[in-house]
Structures are given as structure tokens and as C-alpha cells.
Amino acid sequence: MDTELPSDTRVLDAADALFYAHGVQAVGVDRIRDASGVSLKRLYQCFPSKGAIVEAYLRRRDEISRAALEEHIAKYGSPREQLLGMFEWLHDWFRQPGFRGCAFNNAFGELGAGSAAVAEVVRTHKAALRARILSLTEACGACDPEALTAQIVVLFDGAITVATVAGTPEAALQAKEAAAVLLDASG
């Protein structure tokens, strides 16, 4: 662990790696402390509870993943290409070593009903993704962009679930093909 980084960054880096690999409930604060090299006292000065660490971890993941998606789709010209490029981004992500599904779905599955803060962060992330897809379906000139967006969101999240459970990155390309059919039918 790079001790030159601020303590809160080191804690979040450790928490990110541990939570994503093992799940939120399986990782205790002591494990985060050990992995981050931050004393327990300093860790609690940065984050008053494990719940605060989880919330900060998800908020940071949200910022990072949305920025990465935007950077990826910026390579494409038209709104249609950008929308379909989102599935190429998924395909790249699914092929990364250590892929373990959507951190937001995973955290919600573990804590959502019992943690209003986690549920809010997850819903905010999903709403931002939906809004981005809506902006693209509108730019594509879809007759009913709301309905098309709902369908594409299902394809996007469904591809993540299939890739996680089946262990195949091809789910992203299959979802891309389905999205293309929906786009063609929407005009």
C-alpha cells in the first residue's frame, strides 16, 4: 500500500479491492485496516463506521465507472454508435481478471433492504445510467424514448447478471445485438 496517499484514499482503495472480491459483509474493518496500513484510530477518524466506508466506496465506484463509460463511448460518433458502444464497454469489463459483477447490485443484494444509505447510492447510480441511456435514445430519434430506454436498461443490467453467473463476456455482445434490433424498430 502506498503510504504517500492520504489515509482516506488508502482505506477506500483497500475497501474497494476487498469488498469487490469478497463481498461487503465478509470484510470487517480490521481487514480493511490491515490492507490499508491505516491505524484503526485514523480509519475511524476518516470514516466513523463500516457503513460510512461502504457508502464512500460505492460513491467513488459510481464516479469512476461513469467516467470510464463516458470516456469509452466518446470514441463513437453518432448517438446510436455510442449507445451500442456501451455494450462494448461491458464486454471489455467482463473480460477483466477478477470480474465479479456489478458492485452496486452486489452491495444492494447484501445490504439494500437493511441500509437506506446503500440503497440510495445504488439507486442514484442506476438512475444516472438510465438518464444517460435516455439521452442517447432521444438523440437517436426513438418514437418512444422512455420505453426504449427501459428495454435497453434491462439488456444492460441483464448482460451484467448473465456474465457474472455464466462467466461469459459474450452476454454483452448478445445484449448489443438485441439493443440494435430495438433501435431499428424504434424509429
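The values are calculated or read from the model by the stated rules, or taken from the named source; none is laboratory data. None of these values were measured; they are calculated from a predicted model. So basically every Cβ, Gly included, is an ideal-geometry build from the backbone, and we count neighbours across all protein chains shown. Quick note on the areas: whole protein, heavy atoms, side chains included, nothing else; ligands and nucleic acids left out. Shrake-Rupley method; radii C 1.70, N 1.55, O 1.52, S 1.80 Å.
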**Request:** With a 1.4 Å probe and every protein chain kept in, tell me what percent of the accessible surface of the stretch 1-153 is carbon plus sulfur.
**Result:** 53
**Message:** Per residue, how much accessible surface does the stretch 116-182 expose to a 1.4 Å probe? Answer in Å², no decimals.
**Reply:** 46
**Prompt:** So what is the relative contact order for the stretch 70-187, in percent, with contacts set as C-alpha pairs under 8 Å and at least six apart?
**Reply:** 32
**Fill in**
Note, the stretch 17-33: 3J(HN,Hα) by Karplus (6.51, -1.76, 1.60, θ = phi - 60°), whole Hz, Gly/Pro = x, goes 4, 6, 4, 5, 6, 10, x, 5, 6, 7, 10, x, 4, 4, 5, 5, 4
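Which of the peptides 99-108, 58-67 is most tightly packed, and how do the rest follow, going by the mean number of other Cβ atoms within 10 Å of each residue?
Values: 99-108: 18.6, 58-67: 15.8.
Ranking the peptides 99-108, 58-67 by packing returns 99-108, 58-67.
What shape does the chain take by its C-alpha gyration tensor, where a ≥ b ≥ c are the square roots of the eigenvalues and a/c under 1.5 counts as rounded, a/b above b/c as prolate, and the rest as oblate?
Here the chain falls in the prolate category.
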**Prompt:** Put +1 on the Cβ of every Lys and Arg and -1 on every Asp and Glu Cβ in the chain; which of A21, G77, Q45 then has its Cα farthest towards the positive end of the dipole?
**Reply:** Q45
**Prompt:** Tell me, what ³J(HN,Hα) does each residue in the stretch 61-73 have, in order and in whole Hz, if you take phi through Karplus 6.51 cos²θ - 1.76 cosθ + 1.60 with θ = phi - 60° and put x for Gly and Pro?
**Reply:** 4, 4, 4, 5, 5, 5, 5, 5, 5, 4, 4, 5, 6
**Prompt:** How much net charge surrounds Y44 when only the other residues with a Cβ under 13 Å from the Cβ of Y44 are counted, with Lys and Arg +1 and Asp and Glu -1?
**Reply:** +2
**Message:** Could you order the peptides 116-126, 41-51 from most to least packed, using the average number of other C-beta atoms within 10 Å per residue?
**Reply:** 116-126, 41-51
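What's the local net charge at F87, with K and R +1, D and E -1, over the other residues with C-beta under 9 Å away?
-1
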**Size of charge dipole - the stretch 1-126 - debye, nearest 20, with Cβ of Lys, Arg +1 and Asp, Glu -1, no other charges** = 260
